[in-house]
1. Give the separation of the Cα centroids, region 103-179 to region 56-83, in Å.
2. Roll a 1.4 Å probe over the protein chains and send me the accessible area per residue for the chain in Å².
3. Have a look at the DSSP beta bridges in the chain and tell me what percent are antiparallel, nearest 5.
4. Using a 7 Å offset from the Cα along the Cα-to-Cβ direction at both D207 and A190, what is the distance between the two label points in nm, to one decimal?
5. Using a 7 Å offset from the Cα along the Cα-to-Cβ direction at both D165 and A229, what is the distance between the two label points in nm, to one decimal?
6. Let me check I've understood the local charge: for A142, count other residues with C-beta under 9 angstrom from its C-beta, Lys and Arg +1, Asp and Glu -1. What total comes out?
7. Assign unit charges at the C-beta atoms only (+1 for Lys and Arg, -1 for Asp and Glu), then state the dipole size of region 179-283 relative to its Cα centre in Debye, rounded to the nearest 20.
8. Ignoring ligands, DNA and RNA, please state the percent of accessible area on region 179-283 from carbon and sulfur, probe 1.4 Å.
Amino acid sequence: MAEPIRELGIIGGGRVAAALASCLGDALDVTVHARHPERARLSPHGPPVAFDADLARVASRELIIIAVSDDAIPEVAGALAAELKSEPRPAGSILCVLHTSGATTGGRSLAPLLEIPGVEVGSMHPLIAVPPAAGPGYFTRAPFVIETSGPVAAERARALVEQLDGEPIELPDSTEATKARYHALATMVATGTVTLVDRAADALAADADQRAAFRDAFGRLAMTAAVNASRGPGPEVLTGPVARGDASTLALHDRALGDLPVEALHAAVRRAAEGMVDRGRQEGGGA
Ligand SMILES: NC(=O)c1ccc[n+]([C@@H]2O[C@H](COP(=O)([O-])OP(=O)(O)OC[C@H]3O[C@@H](n4cnc5c(N)ncnc54)[C@H](OP(=O)(O)O)[C@@H]3O)[C@@H](O)[C@H]2O)c1
């Protein structure tokens with residue numbers, strides 16, 4: 001078990017920064033530095049959060065999490081590097097800085113910090129949709145993809161994930177290309193689910209109330225399908241007419257959706273599902 005983190009600095013005031021502060025603020029000494037702290041939407045069920053306008057106080061922590069928009073990470077890393085250069089840390093101490101983006105490695109987005117002796121960088125990406133004001137316990141069982149430039153950052157990242165009751169998962173490797181591919185695929189899953197639910201409700205409903213009711217109903221269907229998906233290979237857990245090979249139902253669906261804006265989406269999902277089922281049959285030695 002990794003040595004627990006005692007003091008944490010968080011840079012950012014958005015969804016992830018607020019959620020981390022709410023989840024960790026009771027157990028750790030947490031300081032948050034945000035450009036607009038008044039905009040932070042904190043959980044009413046979480047501990048009070050200490051915002052500090054002085055970057056230097058956040059920079060003095062053993063572990064710093066940068067949770068700002070992906071595009072702003074290099075700029076924030078540059079400002080933190082300038083701060084650390086002006087206020088050198090005690091000799092022999094290691095400072096670890098991690099960002100929470102899934103798209104790039106710490107080595108790329110936090111590059112200015114790697115020039116400072118005694119600093120290790122990395123990233124710690126929660127593979128979970130984080131809404132505004134997420135409260136204590138939100139990251140329980142959440143997968144976290146961790147990659148770091150050094151062993152101390154790796155250990156501290158694992159410790160923090162443990163303290164969040166999350167579950168670390170490993171990428172096949174920590175190259176820039178693999179991380180970008182991982183994030184594109186994760187986005188395909190999350191964006192795809194939200195888009196499918198929303199477009200399906202819109203295509204069926206006659207008014208705003210029905211749209212809301214079917215977003216809820218299709219959303220709950222998506223939850224059961226997602227649980228199924230996590231339980232085994234797609235061809236084994238898939239339900240519905242593609243899995244059963246119900247040709248007459250599939251033809252009925254084509255006719256039913258032919259003149260609706262979701263037709264192309266429906267056809268693309270069908271093609272992908274049929275390809276997956278065919279591959280499953282070939283690999284399983286079936287017909
Ligand atoms: N939300 C999720 O579901 C989720 C899940 C996993 C990972 N992530 C990652 O976590 C990170 C934060 O995402 P989020 O969803 O928390 O974002 P968010 O809610 O949109 O908040 C973004 C934050 O970044 C700050 N910011 C933007 N530009 C800045 C700059 N130049 N200097 C300082 N601060 C700046 C914003 O400050 P202002 O309010 O002052 O503009 C805001 O506090 C991103 O890397 C994202 O990819 C998000």
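The values are calculated or read from the model by the stated rules, or taken from the named source; none is laboratory data. Predicted model only: the values in this text are computed from it and were never measured. Using ideal geometry, Cβ is built from the backbone for each residue, glycine included, and neighbour counts are taken over all protein chains shown. SASA here: full protein model, heavy atoms, side chains in, ligands and nucleic acids out. Shrake-Rupley method; radii C 1.70, N 1.55, O 1.52, S 1.80 Å.
1. 14 Å
2. Normalised by residue count, the accessible surface of the chain is 55 Å².
3. Restricted to the chain, the bridges split so that about 20 percent are antiparallel.
4. Going from the D207 label point to the A190 one covers 3.5 nm.
5. 2.5 nm
6. Taking every Cβ under 9 Å from that of A142, the sum is -1.
7. So the magnitude is around 440 debye.
8. Roughly 60 percent, rounded to a whole number.
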